[in-house]
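Accompanying notes for the structure given below.
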Amino acid sequence: MSTQPTTFDGSLKTTQNKVKPLVSYFYHWEKTIPQKPYLRQPYGDTWKEYTWAEVGQEARRMATALKSMFPPRTNIGLISKNCAHWITADMAISMADMVSVPFYPTLQANQLQQVLEHSECKALFVGKLDSWEHMKEGVPADVQVIRFPEYPASAPITGAGFLDWDELIAKHPPQSEDFVPNVDDISTIIYTSGTTGTPKGVVHTYYTQSAALDMAAPLLRLSGNDAKDARFFSYLPLCHIAERAIVEAASLYVGGTVSFAESLDTFAKNLAETQPTHFLAVPRIWTKFQLGVLAKMPQKKLDTFLKIPILSGIVKKKIRKALGLGEARLMLTGAAPMPATLLTWYQKLGINIQEAYGMTENAGCCTLMRADNIRVGTIGQPYPRAEVKIVPETGELAMRGDWVMTGYYKDPEKTKEVLIDGWLHTGDMCSQDQDGFITIIGRVKDSFKSAKGEYIIPAPIEFGFAKNSFVEQVCVVGRGLPQPVALIVLSEIGLQASRDVVSASLASTLKELNMGLINYERLQKVIIMKEAWSVENNLLTPTLKIKRNVVEDVYGEKLQAWYDMPDTIIWEA
């Protein structure tokens with residue numbers, strides 16, 4: 001395991017003069033390709049397209065409106081599912097010399113109140129939401145709400161004193177100047193998804209935002225022919241660093257087109273119609289894609305087709321196009337570790353997914369699996385100009401780069417905990433080989449002690465269930481138990497199978513998995529949950545990561561009773 005800092009591909013510091021605020025890229029495309037579609041919003045079977053010029057006019061008018069109500073550097077909130085007005089509003093906030101503070105559209109009223117008060121937002125753009133009536137109770141009385149035009153299948157945004165987007169832009173002339181912010185000014189405050197507790201406001205400047213993009217662009221196929229006619233598909237929360245960088249920032253960098261998903265029901269249709277050139281999905285989405293393929297073509301049949309030379313090529317091309325990835329040049333996964341078996345499964349279909357690893361605090365840029373150097377089971381190598389080291393005492397990965405956050409908003413104590421002597425401490429236990437490839441072992445805070453006094457790291461054990469298509473979610477727990485246990489949520493395929501078949505399959509997986517584990521790591525039980533974990537029941541973050549501490553709280557009192565049962569595979573009553 002390497003403990004020495006490793007620097008790849010050049011100096012640590014990006015040239016300050018080279019970095020431009022993202023809004024400057026917008027001005028460029030607004031002038032050079034004004035009639036090219038920038039944002040595409042689906043409405044049933046039709047798409048409404050907004051050109052760069054049209055987005056510019058709306059953003060400029062909204063910038064004028066904002067400046068008429070608030071002084072420069074005011075914090076402006078934004079809560080909405082992904083849509084054309086989300087990006088337009090974000091551009092307007094920059095044009096008006098204000099600070100963008102986006103929030104997850106799944107927040108409850110008390111959660112929204114907490115982040116609005118902490119961020120000191122004076123206004124809140126409210127748009128496409130599944131629920132608003134209860135959420136609006138969390139908006140403080142002194143926060144001015146500006147509602148987007150109504151979207152189909154969106155909750156009505158009602159409330160006294162609210163301002164309407166269309167009315168505001170009709171009343172205000174477009175800002176004529178191309179206002180360019182100071183690169184050292186705060187651009188955005190991004191609240192973390194709260195995997196381990198209270199969300200923290202990560203502060204990024206225009207410099208840190210653009211420095212990350214400028215550094216990563218060649219590897220993310222955002223330069224040369226790779227950037228030509230780039231198409232992006234937006235469905236993961238735009239308030240999250242990954243979507244903000246890989247969709248919004250990347251589209252601004254190359255002058256690409258962004259198409260949105262209308263709803264969960266139309267996701268597959270919208271994606272197939274977009275055929276993006278650049279596509280990011282979290283592991284759970286890639287798993288769902290896999291399960292969708294296997295539901296139509298069982299693994300045994302698929303394996304047979306892939307062994308026949310002529311048929312193999314036809315099948316691969318058909319699957320890729322059906323998934324909406326027929327023209328994809330870059331396919332990424334991130335936000336959570338991708339099981340090696342899943343990556344290998346896609347590789348057999350000619351779909352080479354690159355794993356990207358980062359966090360809100362480093363603008364999503366720490367390591368990347370190079371397209372021409374994929375090493376399954378790792379998260380790739382550090383980005384150019386990213387310096388990394390493994391902390392000897394804890395095995396924690398630390399990194400530094402000039403795109404790291406300036407700190408947590410109004411929280412110097414937590415900032416000091418993670419930014420130590422210029423190094424960002426990631427919270428992930430990792431190892432690094434002699435070629436610079438990094439492997440995640442688990443979260444430093446996720447490890448727990450069994451009743452035998454042994455520390456268990458759950459992530460590597462959980463990966464052992466990845467090749468069982470009956471399993472969609474898994475969480476290994478067991479604080480205080482003699483041996484750990486696995487809590488399992490079944491996939492759609494698993495839900496359709498009989499209990500006997502599922503139990504036999506999981507018993508087989510368990511036996512195989514335990515053979516490769518140290519005695520104290522071996523799983524004693526597999527418990528199958530009756531309810532899926534979701535954002536709605538607070539067991540998943542908005543980026544679909546399991547809230548391990550919440551799972552442990554919810555099921556903690558039941559663990560001992562399950563442990564004492566005679567069966568190895570247990571179905572929650």
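The values are calculated or read from the model by the stated rules, or taken from the named source; none is laboratory data. Predicted model, so just to flag it, every value in this text is computed and none were measured. Positions of Cβ are generated from backbone atoms using ideal geometry, with glycine treated the same way; all protein chains shown enter the neighbour counts. Heads up: the accessible areas ignore ligands, DNA and RNA and are worked out on the full protein's heavy atoms, side chains in. Shrake-Rupley method; radii C 1.70, N 1.55, O 1.52, S 1.80 Å.
List of remarks:
- Folded to 0 to 90 degrees: helix 548-564 orientation relative to the chain principal axis, Cα: 20
- Counting only lysines at least 8 places from Lys547 when in the same chain, those with an alpha carbon closer than 23 Å to its own are Lys81, Lys200, Lys288, Lys414, Lys445, Lys449, Lys467, Lys525, Lys530, Lys558.
- Cα gyration tensor category, rounded, prolate or oblate, for the stretch 45-118 with a/c compared to 1.5: oblate
- Within the stretch 366-505, the percentage of alpha carbon pairs spaced more than 22 angstrom apart rounds to 56%.
- Fully extending the segment from Met515 to Asp164, taken as 0.36 nm per residue of separation minus the present Cα-Cα distance, adds 120.2 nm.
- Average accessible area per residue (Å²) across the chain - probe 1.4 Å, nucleic acids and ligands excluded: 42
- For the stretch 178-270, the gyration tensor built on C-alpha atoms gives an oblate shape. Its axis ratio a/c (a ≥ b ≥ c) is at least 1.5, and a/b is not larger than b/c.
- MRE, 222 nm, helices only [DSSP H, n ≥ 4, -39500 (n - 2.57), over the chain, to nearest 500]: -9500 deg cm²/dmol
- The ellipsoid that matches the Cα gyration tensor of the stretch 288-390 has semi-axes, each √(5λ) in whole angstrom, of 30, 13, 12, with the longest given first.
- Size of the stretch 410-476 as Cα extents on the principal axes (Å, biggest first): 44, 36, 27
- Extension gain from Lys321 to Asp553, taking 0.36 nm per residue of separation minus the Cα-Cα distance: 79.3 nm
- Distance (nanometres) between label positions extended 7 Å along Cα→Cβ at Glu572 and Lys452: 2.7
- Applying a DSSP loop filter and a limit of 11 other Cβ atoms within 10 Å to the trypsin sites (Lys or Arg not before Pro) in the stretch 243-317 leaves Lys307.
- Full extension of the chain between Ala340 and Ala532 yields a length gain of 66.8 nm, computed as 0.36 nm times the residue separation minus the alpha carbon distance.
- Descending by average beta-carbon neighbour count within 10 Å, the peptides 222-230, 398-406 line up as 398-406, 222-230, the highest first.
- Distance from the alpha carbon centroid of the stretch 174-245 to that of the stretch 460-527 works out to 38 angstrom.
- Between the listed residues Ile314, Leu291, Ala340, the Cα displaced farthest toward the positive end of the dipole of the chain, a dipole computed from Cβ unit charges relative to the Cα centre, is found at Ile314.
- Rounded if a/c under 1.5, otherwise prolate or oblate - the stretch 486-541, Cα gyration tensor axes: oblate
- Projecting the Cα atoms of Val254, Thr64, Ala155 onto the dipole axis of the chain, where Lys and Arg carry +1 and Asp and Glu carry -1 at the beta carbon, places Val254 farthest toward the positive end.
- Charging the Cβ of each Asp and Glu at -1 and of each Lys and Arg at +1, and nothing else, the dipole of the chain about its Cα centre rounds to 1520 debye.
- Once the Cβ-Cβ distance of Lys414 and Thr46 is raised to the sixth power relative to R0 = 41 Å, the FRET efficiency obtained is 0.30.
- Principal axis analysis of the Cα atoms in the chain yields extents of 72, 59, 52 Å, listed in decreasing size.
- Distance between the stretch 273-333 and the stretch 368-399 - C-alpha centres, whole angstrom: 28
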